[in-house]
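The structure appears below as structure tokens.
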Amino acid sequence: MDIKLNGKEYVVRYPLNSVRALERALGKSFLQIGAEMESGNASLDTMLALIWAGVLYANRALTLELVSMGLEDCPDLLTLAYGCYREFQESVLPRLTPKVADGEDAEPAEKN
């Protein structure tokens with residue numbers, strides 16, 4: 001997914017450092033952020049931070065405030081935020097959530 005901010009195109013991606021920045025900015029885990037988005041009752045802070053984290057990998061100097069100001073004229077912020085959330089789901093959740101088979105509880109693998 002691509003978004004345009006202040007005349008510049010960005011590809012939305014969620015590498016681990018972007019997810020860490022997102023968690024720190026919101027004071028929530030990636031699972032809590034996902035649950036908030038899934039509930040349909042996401043706060044504006046959550047939606048803006050999710051967009052910001054998605055473009056952060058391309059420019060570490062971008063702040064949440066700069067991205068928010070760049071979105072002032074966005075005609076459909078909700079659709080943009082949920083588009084970013086789809087990218088987040090496809091990228092982050094498969095890598096960071098345990099796989100559960102046949103209703104068994106997932107346990108972290110032991111280190112040798």
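Computed from the coordinates by the stated procedures, all read-outs in this text should not be read as laboratory data. Fair warning: this is a prediction, and the values are worked out from it, not measured in the lab. Because the Cβ atoms are built from the backbone with ideal geometry, glycine has one as well, and the counts that use them run over all protein chains shown.
Set against the 2.2 N^0.38 Å expectation for a compact globular protein, the range 2-95 has a Cα radius of gyration ratio of 0.96. Label sites at ASN17 and ALA35, each approximated as a point 7 angstrom past Cα along Cα to Cβ, lie 3.0 nm apart. Each residue of the range 82-95 was assigned a 3J(HN,Hα) from its phi angle through the Karplus curve 6.51 cos²θ - 1.76 cosθ + 1.60 (θ = phi - 60°); the sequence is 6, x, 5, 4, 4, 4, 4, 4, 5, 8, 8, 4, x, 7 Hz, with glycine and proline shown as x.
Tell me, in nm to one decimal, what length is gained between LEU93 and LEU44 on full extension, where the rule is 0.36 nm per residue of separation less the Cα-Cα distance? Walk me through the numbers on the way to the answer.
Numbers: separation 49, 0.36 × 49 = 17.64 nm, distance 2.15 nm.
Residue separation times 0.36 nm, minus the Cα-Cα distance, leaves 15.5 nm.
In this label model, LEU78 and ARG24 are separated by 3.3 nm, measuring between points 7 Å along each Cα→Cβ vector.
Can you tell me the orientation of helix 16-26 relative to the chain, as the angle in degrees between its alpha-carbon axis and the longest Cα principal axis, to the nearest 10? Here the helix axis deviates by roughly 70 degrees.
Among GLU90, GLU23, GLU72, which comes first, second and so on when ranked by fewest other beta-carbon atoms within 10 Å? Kindly include the intermediate steps, with their values, before the conclusion.
Numbers: GLU90 11, GLU23 17, GLU72 7.
In order of increasing Cβ crowding within 10 Å: GLU72, GLU90, GLU23.
Quick one: helix 44-56 against the long Cα principal axis of the chain, what's the angle to the nearest 10°, folded into 0 to 90? Approximately 90 degrees, to the nearest ten.
Starting from 0.36 nm per residue, how many nanometres of slack lie between ALA58 and MET1 once their C-alpha separation is accounted for?
Net length gain for the segment: 19.2 nm.
Working ranking of peptides 30-38, 5-13 by packing, defined as the average number of other Cβ atoms within 10 Å per residue, highest first, is 30-38, 5-13. Database remark: amide H of LEU5 closer than 5 angstrom to the amide H of TYR10 (H placed geometrically; neighbours at sequence offset of 5 or more, or on other chains; Pro and chain starts carry no H). Looking at the range 4-56, the pairs of alpha carbons with a distance over 15 Å make up 44% of the total. Against the chain, whose longest principal axis comes from its Cα atoms, helix 30-39 is set at around 70 degrees.
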